[in-house]
Each structure stands twice: as C-alpha cells, then as structure tokens.
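Every read-out reported here was derived from the displayed coordinates using simple, explicitly stated rules and does not represent laboratory data. Nothing here was measured: the structure is a model prediction, and the numbers come from that model. As a convention, Cβ positions derive from the backbone with ideal geometry for all residues, glycine included, and neighbour counts pool all protein chains shown.
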Amino acid sequence: MLLAAFAGGLILNLMPCVLPVLSLKIFDIVQRAAGRKGGVLAHGLAFTAGTVATFWVLAGLLIVLRLGGQGLGWGFQLQSPTFLVILCALFMFFALHLFGVFEVGYLFTRIKRGHEKEGLGGSFLAGVTATLVATPCTGPFMGTAMAYAFTQNSWIALSVFTALGLGMASPYLLLSAFPSLARLLPKPGAWMEHLKQFMGFPLLATVVWLAWVFGRQAGVDAMGMLLALLVATGLAAWVLGKWMALHHPGHIRLTAFLVALAIFAPALTWVLSGLQHNTAQAGVVSTSGQTPSSNREVVKGPGTITWYRFTPETLQALRAEGKAVFIDFTADWCISCKVNERVALSKPEVSKAFSDKGVVALKADWTNPDEMVTKALEGYGRNSIPLYVYYPAGGGEHKLLPQVLTPGIVVKSL
C-alpha cells in the first residue's frame, strides 16, 4: 500500500491542477543548474518538506474529525465555500505574480537589488500550494491507498500519506539531487520568461473553475461578490508592484503594503461575512432525505443518459426489482470526475449501452458535505472520488470500475 501511495502521489504531478505549480519549480532548477547556483538540493528538500507537511496536516485533520464522528474524505476542504474564496484569492495573486504585476520575492523571499534570489521559504510554500491544489484530483492507486489508510491506526494512515507526499515531490527532489539532469532540458533564456507569463493563464483558469464551484455551492450572488474580491485582489497586487520595489524608501514601501492590505482585507471580510446568507438563498440542502423509487428525482448528468439522484433507498428498491444500476460518485470540484464525464460517460456508445442493457443511472453528488454520500463511499471501502459502481441485473454482486474511464471500459463493464 505504501508503494501504491507513492505511485499515486507520483501520478498526481500529471494532473492539470498540479502541473502549473510543479512546472515553475522545475524552471527554477533549470536556472540554478545552468547558473551553477548552490543549494539546489536544499530547495528540493524544502519543497518536499512543504509537500509532506501539508499531507500530514490534511491527514491529521481527517483523523481527528473522524474520531469526533465527522464523515470526511479526500478533498473535504473544497466542500467549504470559505476555503474556495481564500484559494481563489491566493491563485489570483500567484497568476498576477507570473504576469509580472508584482514580485512574490517582496513577500516570501530574500532579494538583492536588481536580482531576485528565492529563499527556501518559497520552495516550502510551493510544496504546500502544490498539495492544496492536488486535492481535487484522485488518480490510479491513490484512492485504494487512502481507503486502506483510514481502515488502519493513525500511524499507518500517516505513513500512507507520507508516501503520497514523497511520491508527489519525487520528480523535483530527483532533479534537485542531480542538477545535471536539468541540463537535458532546454537551456535557460528569454523563452523561460515568456513561458512563466504563459503559465499564469492556467492559474487564472483554475480561479475561474474554483469560482464556478463556489457559485454552485453558494449561489450566483455570492459568486458576484467573489468576482468583486478578485478585482480588489488585482488592485492590491498592482499597488504592491508599483511601490514595494526596493528602490523606494522604506516609508513608501510600508505605506504601499498598508494600502494594499486596506484594499484586500475589507473585501475578503465582506465576502466571507456574506457567505451564510447567500448559501441559504442558493437553497443548498443535503441529499440525504429518502426518495421513493417510484418517484425518483431526475438530476443533471453527463450525456443523454437519464440520471437519478442516489439514495440508499433508491438503490435498494432498484436491486429488489432486479434492475441493473450504475452509480457515479462525483463532485463539481473533482477534476478527474469531470474529465471522465466528458471523455466517457457523455459518449453516444455509452448512452446506447445503458439503454440496451436497461441500466438505471444514479448520481451521488459530493460537491457539498453530505453524510449519506460519505457513508456510501465508506461502504465500498473508499473515501475519495471518482468512484463508479455497477450492479448487474438480477441481483448480482457489484463491481468497481477504474478511476480513469474510457467508453470501451464502461461498455465492457456493462
């Protein structure tokens, strides 16, 4: 299971939520290796420490809350609108930094006049950020390893999460331990600055996606408030970029910092304070209520398949009728789920297979905290998504589909 966790962490680097952050750190290695700067390994260790420490914090929170009776799983923090607001603002700052509006060095690193030298704190912070943005993704091996972790004692659970962190940090750690490998990559040049600026757009795309998830949870009015916060974030970043450079006197830099804080902090407070009201208006409710099988609730789903809301009662009634059932455990914040919907579950051949086999499709939405969905996941030995469960007609045993779907996999499973 430790090997599976390590492999799962390694695969996380290929996910679109992690790749932009990791790419920037690899560029840093290329520059340091080409310039023969010292301390490359130290930066690799700092990045690894940030990654592993964040996995420990997340694992610790899950363990403590579970001991307190809370049903939580991987990615639980993305079920919190407050966390999404903070993450949107953070990624907006990062994107503006990549565009050159201001320098992160003013806040997190040591700076020499006319030249930026990133400190170990920046590498540690990159590890923290990479782990936080990895939580919407669960790849092959990772779901099985985490499910195993939460059936064991706390020490084994922490060991599994440590292996996940080490697997995720391993490419950067390997390059930092052997900087000569970085020389196999293209030589540093003007292209790196252009690419750095370009990498700001994937981060902006992440902000758009997080804002959409936030809107699904809290409503369109709350999303409008979040967009206003992002405008304030941009203005605060512009102030920092204009007047925080070291060639300005100390009192100017201090004033600029206070002005930026005076712009950003009230806007953030305004959005967070309005969350409760807007969430209530959006009508966000738990789906744990009983839905009779004779009056199943139709929900929006991928493709032309008719999807019904999952409840244990609905599943039990359908199985008693001898129906074939397909359950899609998904969430708006789960990137892997959305990719599977697009490349597999939306395809005509899959819809035809569902129709030909008379399969009833159930959708278990975990976008918001839902104890019913959490318990259902635990019943299948999982605490993460995506998860796809198929019950054949006639009351046969269920089968679990892979976490990465293709139309062929789904059709063959049916």
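Here is how the numbers come out for the structure above:
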| item | result |
| --- | --- |
| Contour excess over end-to-end distance, with Cα ends at Leu181 and Leu3 and 0.36 nm allotted per residue | 61.6 nm |
| Filter on Lys323/Lys375; Lys323/Lys357; Lys338/Lys363 - keep pairs with C-alpha separation over 18 Å | Lys323/Lys375 |
| Length released on extending from Ala42 to Leu258, taking residue separation times 0.36 nm less the Cα-Cα span | 74.4 nm |
| Note, ³J(HN,Hα) from phi for segment 84-94, Karplus 6.51, -1.76, 1.60, rounded to Hz, x at Gly and Pro | 5, 4, 5, 5, 4, 5, 4, 5, 5, 4, 4 |
| Global form of segment 293-413, assessed from the alpha-carbon gyration tensor, a/c cut-off 1.5 | rounded |
| Förster-model FRET efficiency, 30 Å R0, His251 and Ala228, C-beta, rounded to 0.05 | 0.50 |
| Using alpha carbons only: equivalent-ellipsoid semi-axes of segment 365-414, gyration tensor based, whole Å | 22, 15, 9 |
| Cα-projected label distance for Asn153 with Glu297, points at 7 Å along beta-carbon direction, nm | 4.2 |
